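Visitor: I have a structure here, written as structure tokens, and I will follow up with some questions on it.
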Number of protein chains: 4
Amino acid sequence: MCRWLSYIGDPVYLEKLVFEPRHSLVDQSLHAEQAKTPTNGDGFGIGWYDDRPTPGLYREILPAWNDPNLRSLAHHIQSGLFFAHVRASTGTHTSRSNCHPFAHDKYLFMHNGQIGDYPLVRRSLEAMIDDEHYAARQGSTDSELIFCLMLTLGLVEDPHRAIRRTIEIVENEMQTRGATAPFRFTACLSNGNSICAIRHASDDKPPSLYWRKRNGHVIIVSEPLDTDADSWAAVAPNHTLHVDGNLVVTEDATLAA
Amino acid sequence: MCRWLSYIGDPVYLEKLVFEPRHSLVDQSLHAEQAKTPTNGDGFGIGWYDDRPTPGLYREILPAWNDPNLRSLAHHIQSGLFFAHVRASTGTHTSRSNCHPFAHDKYLFMHNGQIGDYPLVRRSLEAMIDDEHYAARQGSTDSELIFCLMLTLGLVEDPHRAIRRTIEIVENEMQTRGATAPFRFTACLSNGNSICAIRHASDDKPPSLYWRKRNGHVIIVSEPLDTDADSWAAVAPNHTLHVDGNLVVTEDATLAA
Amino acid sequence: MCRWLSYIGDPVYLEKLVFEPRHSLVDQSLHAEQAKTPTNGDGFGIGWYDDRPTPGLYREILPAWNDPNLRSLAHHIQSGLFFAHVRASTGTHTSRSNCHPFAHDKYLFMHNGQIGDYPLVRRSLEAMIDDEHYAARQGSTDSELIFCLMLTLGLVEDPHRAIRRTIEIVENEMQTRGATAPFRFTACLSNGNSICAIRHASDDKPPSLYWRKRNGHVIIVSEPLDTDADSWAAVAPNHTLHVDGNLVVTEDATLAA
Amino acid sequence: MCRWLSYIGDPVYLEKLVFEPRHSLVDQSLHAEQAKTPTNGDGFGIGWYDDRPTPGLYREILPAWNDPNLRSLAHHIQSGLFFAHVRASTGTHTSRSNCHPFAHDKYLFMHNGQIGDYPLVRRSLEAMIDDEHYAARQGSTDSELIFCLMLTLGLVEDPHRAIRRTIEIVENEMQTRGATAPFRFTACLSNGNSICAIRHASDDKPPSLYWRKRNGHVIIVSEPLDTDADSWAAVAPNHTLHVDGNLVVTEDATLAA
């Protein structure tokens, strides 16, 4: 399991969320409170949008609490839309290629959860990836695989449909191959203009997901960044949260069907 | 392209070959003379056999010339059969999972060369890997893929046949998919008792390979470790070199057929 | 604060203590129970004696729980006297040079604790290091500094005196420069034949230290490796524990004077 | 020896100099032409000024040619004044703390060269550092030591005087302690508004240094970035080059006295 956050709104320095809050993402890398494990020290990553057509990416295998580069970058990089992720491996190796976020063209993706009994279904799911994204796969995680599947299944054309189809296909394959562990999928996607967050599980225990809108921005987080608990709303299980460039927030139940 | 060496014989400290010779493997990481590139600084690895049923493995993403751990390990680890490899990436990322040697059960494998136009054939070749080794694949290199194919094609039962079949399948697939770059395959395998080295290419430019037998040991190398040029014999193109536990050396042309 | 263990006795594979016990040192890197912080993820190291005149050393900046090299080395390296250490930085950077154990000639040293208000006294203490060890200093930690002081103050000739003198000098300098934070010093030294462990603090809170003698070996640990609590004896505050090559254990109060 | 570049002028993406030129700094990390060694693979760093009061810093122990983070950062970070450095160690360890540039407050410093027989003079030179900068020293290089000395000797108040005094003191100490190897010092300093580059040696072999002014910027480099050789001017031995915020370039001979 992992912890992540995403931000959309007026440009801010990344440190504003990654380091400064009492329960910042870096604090969560040492002391997560709503995760299965308190320590998320198996690498981390940030992805951010700026004037360039594709997002910036900085991923490292050290723990986030322990990287002076991250501290300097988060102090100097401003963005109006960014992702940050601290990783707790569920089995695959710690390498930069296995760290989130994953980027393709203008898209960013990150994930907290896992495909249950991943080795059972890895082969058949990878076989469904189209040639372009198959060739671009660099790591070995289920998370990158899910991203490749969404890209294959039309993320560019119809993201909500691609997400639904991906979940269906993963769960279908898990059932066919006799996976007994659940699919847990609390994830975040962006095209640089809007953010789509998903809180899903094949059982009744989707990883936690919260959001908060304040003047000029929306933050989506695995767990609240501060003790002002009332200010954070939980995303309902099997719901998606969509935040557009005008900060209009829509929560819907398409995944719950 | 990469540089590697393997050793079989009376137990020696690894530094004897990795550091001490004038043109040691670590020297070759900075100044290779018979490779396409002089610098082999994209990670390295050592694998060695001892009293344990499976080989030891130490792989790192730093350049070999720059790792105090390697210096200490090579000073302290003795072995009567070991591999060492310095890597020059042909495109895939620098991660430990992409560093040689690769290990499976009691087997070690390392490689210098490449599957030409790898992205064209990666998918269809990976699809031929059997379930066990598919699930165990951690990196993204063509080298690890070749090892998985050999394991799938009966490396345990009949290594020479598995090697031949793997080469056939790779070259067949390259032809089918229209690869124009050559297959270069100078590689080394061991089961802990004997060593099999292969010097092969689909064109007439297989990477260099030499060996030398002296009292109590045989060394196989990408390029000679010292200036005593006459003491090293070149393996002929498309030949395999087999060294058994009694240091009996057999070179044969089964691949040249 | 950090966690460490040392072993003397019949040769064993390092994994026997580093990985296998329920509350192994690697488990303590994630879940220390008697330390100020549960996470010791700022690098680690192992040092071991074998047939070579100087000890082997493997130190890495990744968390110990996350390093496949450590797993393989601990499976393959046997030793009759070794140290292992997982680090929680008290301020200095995470680099291999700052990881324990530190080695000089045939000596190994590791430490859990800190010089309170280290910046206040660093300069004057470093000035007391003799030329040889001053030139050899590679990191910036108080721990390496203490080791350099002990070497300067006659560790080779009279280790107990060198330890006492070092503690005196450090505490004297702290007092002179107005340090208010305490000196905490739970440390371990070896010359390859015997082990000397120290549990000391300038206040009444020396970090925890335990030992156990069983057939053929003695283990000294920051905290017990298993739940057989009665089998572990606590070293008294401001005492030293000495274990010689015949596994004769002597605890004395020379530091308590 | 190392290779470096600095830039002042209209804001550009760092990749414009670090990656794009035919003989970019990253190319120089593999194939330096005017250095003692062609390979500069012992870490690297970038430092850049933006709207923040202190510069950004990204330093890494991998070779520069091999770091996807550097590629992404250089594609996304724009600056009107930045430094970049690729390192070839002259003896000290490869750690981030030993990578250039070094930063203090608003200052950046980087260096190519060495204090000859550094171990002979390290102690006495470190003793001259004032308390503030002594406490802040994190690595063990002669380069960081020189920076600390310049800060101690009034870099903030009178940079040219501080540079001259530092060179005098270093050379004086080398002479006193019987150093026979030369002092080589081709370095670069900035306060965020202007750049001062120094080409100095105690013998007649100062490392190479070039500069070029074109519309809207000045570049200073260890060796030319392209084959337009005539467009680059060599800085004379024992001269300093000063470029102010209006791109007025002054070369003077104060060090040659």
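The values are calculated or read from the model by the stated rules, or taken from the named source; none is laboratory data. None of the values given here were measured: they were computed from a predicted structure. Positions of Cβ are backbone-derived with ideal geometry, glycine not excepted, and every protein chain shown enters the neighbour counts.
Visitor: Quick check on my filter: what residues within region A:145-168 are within 14 Å of chain B (Cβ to nearest Cβ) and over 15 Å from A:ASP105 (Cβ atoms)? Steps first, please.
Guide: Start the filter on region A:145-168 by keeping residues that are within 14 Å of chain B (Cβ to nearest Cβ), which leaves A:145, A:148, A:152.
Residue satisfying the conditions is A:LEU145 alone.
Visitor: Only one of D:ASP244, D:ASP252, D:ASP226 is among the charged types (D, E, K, R) and out of contact with any His (no Cβ under 8 Å at 6 or more places or on another chain). Can you tell me which? Reasoning before the result, please.
Guide: Values: D:ASP252 fails: out of contact with any His (no Cβ under 8 Å at 6 or more places or on another chain); D:ASP226 fails: out of contact with any His (no Cβ under 8 Å at 6 or more places or on another chain).
Exactly one of D:ASP244, D:ASP252, D:ASP226 is among the charged types (D, E, K, R) and out of contact with any His (no Cβ under 8 Å at 6 or more places or on another chain), namely D:ASP244.
Visitor: Do you know which residues across region B:77-88 are surrounded by fewer than 20 Cβ atoms within 10 Å (Cβ to Cβ) and either free of Cβ contacts under 8 Å to residues at least 60 places away in the same chain or of a type in the set (S, T, N, Q) (or both)? Write out each step before concluding.
Guide: Here is the first cut: in region B:77-88, the ones surrounded by fewer than 20 Cβ atoms within 10 Å (Cβ to Cβ) are B:78, B:80, B:88.
B:GLN78, the sole residue that qualifies.
Visitor: Among residues belonging to region B:67-76 that are touching a residue at least 12 places away in the same chain (Cβ under 8 Å), assigned to a helix (DSSP H, G or I) and surrounded by fewer than 24 Cβ atoms within 10 Å (Cβ to Cβ), point out the one that is nearest to the other protein chains (Cβ to nearest Cβ).
Guide: Quick first cut of region B:67-76, residues touching a residue at least 12 places away in the same chain (Cβ under 8 Å) only: B:67, B:70-71, B:73-76.
Narrowing further to those that are assigned to a helix (DSSP H, G or I): B:70-71, B:73-76.
Imposing the further condition that a residue be surrounded by fewer than 24 Cβ atoms within 10 Å (Cβ to Cβ) reduces the set to B:71, B:75-76.
On the way: B:ARG71: 9, B:HIS75: 7, B:HIS76: 4 Å.
Among residues in region B:67-76 that are touching a residue at least 12 places away in the same chain (Cβ under 8 Å), assigned to a helix (DSSP H, G or I) and surrounded by fewer than 24 Cβ atoms within 10 Å (Cβ to Cβ), the one nearest to the other protein chains (Cβ to nearest Cβ) is B:HIS76.
Visitor: Considering only residues that are part of a loop (DSSP other than H, G, I, E, B) and small (Gly, Ala, Ser), look in region A:39-66 and name the one that is farthest from the other protein chains (Cβ to nearest Cβ). Working first, answer last.
Guide: As a first pass, look at region A:39-66 and keep what is part of a loop (DSSP other than H, G, I, E, B): A:39-43, A:49-55, A:61-63.
Restricting the remaining residues to those that are small (Gly, Ala, Ser) gives A:41, A:43.
Working: A:GLY41: 5, A:GLY43: 9 Å.
The extreme case among them is A:GLY43.
Visitor: Give all pairs with beta carbons closer than 7 Å in which a residue from region C:38-56 that is of a type in the set (A, V, I, L, M, F, W, C) meets a residue that is assigned to a loop (DSSP other than H, G, I, E, B); count only pairs at least 6 apart in sequence or on separate chains.
Guide: Every condition considered, the pairs that remain are C:PHE44/C:ARG87; C:PHE44/C:CYS99; C:ILE46/C:LEU14; C:TRP48/C:LEU14; C:TRP48/C:PRO55; C:TRP48/C:ILE77.
Visitor: Taking region B:10-23 as the region of interest, how many residues are more than 14 Å from every other protein chain (Cβ to nearest Cβ) and part of a helix (DSSP H, G or I)?
Guide: The qualifying residues number 2.
Visitor: Which one of these is of a type outside the set (S, T, N, Q) and at pLDDT 95 or above: C:ALA162, C:ALA88, C:ALA135? Steps first, please.
Guide: On the way: C:ALA88 fails: at pLDDT 95 or above; C:ALA135 fails: at pLDDT 95 or above.
Unique residue meeting the criteria: C:ALA162.
Visitor: Among the residues in region C:102-119, are any part of a helix (DSSP H, G or I) and within 12 Å of chain D (Cβ to nearest Cβ)? If you could, list the steps in order and put the result at the bottom.
Guide: In the first step, residues of region C:102-119 are kept if they are part of a helix (DSSP H, G or I); the result is C:118-119.
Keeping just the survivors that are within 12 Å of chain D (Cβ to nearest Cβ) gives C:118-119.
Yes, that holds for at least one residue.
Visitor: Does region B:120-141 hold any residues that are without any contact (Cβ under 8 Å) to a residue 40 or more places away in the chain and part of a helix (DSSP H, G or I), and which are they? First the steps, then the outcome.
Guide: In the first step, residues of region B:120-141 are kept if they are without any contact (Cβ under 8 Å) to a residue 40 or more places away in the chain; the result is B:122-123, B:126-127, B:129-137.
Passing the criteria: B:ARG122, B:ARG123, B:GLU126, B:ASP131, B:GLU132, B:HIS133, B:TYR134, B:ALA135, B:ALA136.
Visitor: Another question, if that's okay. Can you pull out every residue in region A:195-214 that is in contact with a strand residue (DSSP E or B) (Cβ under 6 Å, 6 or more places away or on another chain) and of a type in the set (Gly, Ala, Ser)?
Guide: Passing the criteria: A:ALA197, A:ALA201, A:SER202.
Visitor: Further question: Only one residue in D:ASP51, D:ASP42 is of a type in the set (Asp, Glu) and in contact with a helix residue (DSSP H, G or I) (Cβ under 8 Å, 6 or more places away or on another chain), so which one is that? Before you say what the answer is, go through the steps one by one.
Guide: Working: D:ASP51 fails: in contact with a helix residue (DSSP H, G or I) (Cβ under 8 Å, 6 or more places away or on another chain).
None of the other options fit; the residue is D:ASP42.
Visitor: Sticking with this one: Can you go through C:THR152, C:THR186 and tell me which one is surrounded by fewer than 22 Cβ atoms within 10 Å (Cβ to Cβ) and either free of Cβ contacts under 8 Å to residues at least 60 places away in the same chain or not basic (Lys, Arg) (or both)?
Guide: Details: C:THR186 fails: surrounded by fewer than 22 Cβ atoms within 10 Å (Cβ to Cβ).
Residue meeting the stated conditions: C:THR152.
Visitor: Residues that are in contact (Cβ under 8 Å) with a residue 60 or more places away in the chain, surrounded by fewer than 13 Cβ atoms within 10 Å (Cβ to Cβ) and not in a strand (DSSP E or B): does region A:239-250 have at least one?
Guide: No, every residue in region A:239-250 fails to be in contact (Cβ under 8 Å) with a residue 60 or more places away in the chain, surrounded by fewer than 13 Cβ atoms within 10 Å (Cβ to Cβ) and not in a strand (DSSP E or B).
Visitor: Working only within region C:46-60, note down all residues that are closer than 21 Å to B:SER97 by Cα and surrounded by 24 or more Cβ atoms within 10 Å (Cβ to Cβ). Walk me through it before giving the result.
Guide: Looking only at region C:46-60, we keep the residues that are closer than 21 Å to B:SER97 by Cα, and these are C:58-60.
Passing the criteria: only C:TYR58.
Visitor: While we're looking at this one, here's another question. Taking B:THR94 as meeting all but one of (1) part of a helix (DSSP H, G or I); (2) in contact with a helix residue (DSSP H, G or I) (Cβ under 6 Å, 6 or more places away or on another chain); (3) within 11 Å of chain A (Cβ to nearest Cβ), write down the number of the exception.
Guide: (1)
Visitor: Of the numbered conditions (1) closer than 22 Å to B:TRP65 by Cβ; (2) modelled with pLDDT of 95 or more, D:HIS76 satisfies every one except a single condition; which is it?
Guide: Only one criterion in (1) closer than 22 Å to B:TRP65 by Cβ; (2) modelled with pLDDT of 95 or more is unmet by D:HIS76, namely (1).
Visitor: If only one of C:GLY192, C:GLY154, C:GLY139 is over 18 Å from the mean Cα position of the chain (by Cα) and closer than 24 Å to C:TYR49 by Cα, which one is it? Even if it seems obvious, please write down each step before you answer.
Guide: Working: C:GLY192 fails: over 18 Å from the mean Cα position of the chain (by Cα); C:GLY139 fails: over 18 Å from the mean Cα position of the chain (by Cα).
Exactly one of C:GLY192, C:GLY154, C:GLY139 is over 18 Å from the mean Cα position of the chain (by Cα) and closer than 24 Å to C:TYR49 by Cα, namely C:GLY154.
Visitor: Taking only region B:2-14 into account, find how many residues are crowded, with 20+ Cβ neighbours inside 10 Å and of a type outside the set (Phe, Trp, Tyr). Talk me through it step by step, then tell me what you get.
Guide: Taking region B:2-14 and keeping what is crowded, with 20+ Cβ neighbours inside 10 Å, we get B:2-8, B:14.
Filter again for of a type outside the set (Phe, Trp, Tyr), leaving B:2-3, B:5-6, B:8, B:14.
Number satisfying all stated conditions: 6.
Visitor: Also, quick follow-up: Identify, please: which residue in region D:24-38 is in a loop (DSSP other than H, G, I, E, B) and hydrophobic (A, V, I, L, M, F, W, C) and is, among those, nearest to the other protein chains (Cβ to nearest Cβ)? Outline the logic, then answer.
Guide: Filtering region D:24-38 down to residues in a loop (DSSP other than H, G, I, E, B) leaves D:24, D:32-38.
The next check asks that each one be hydrophobic (A, V, I, L, M, F, W, C); those that pass are D:32, D:35.
Working: D:ALA32: 11, D:ALA35: 13 Å.
That would be D:ALA32.
Visitor: So D:VAL235 passes all but one of these: (1) closer than 23 Å to D:TYR49 by Cα; (2) crowded, with 16+ Cβ neighbours inside 10 Å; (3) of a type in the set (Val, Ile, Thr). Which condition number does it fail?
Guide: (1) is the only condition that D:VAL235 fails.
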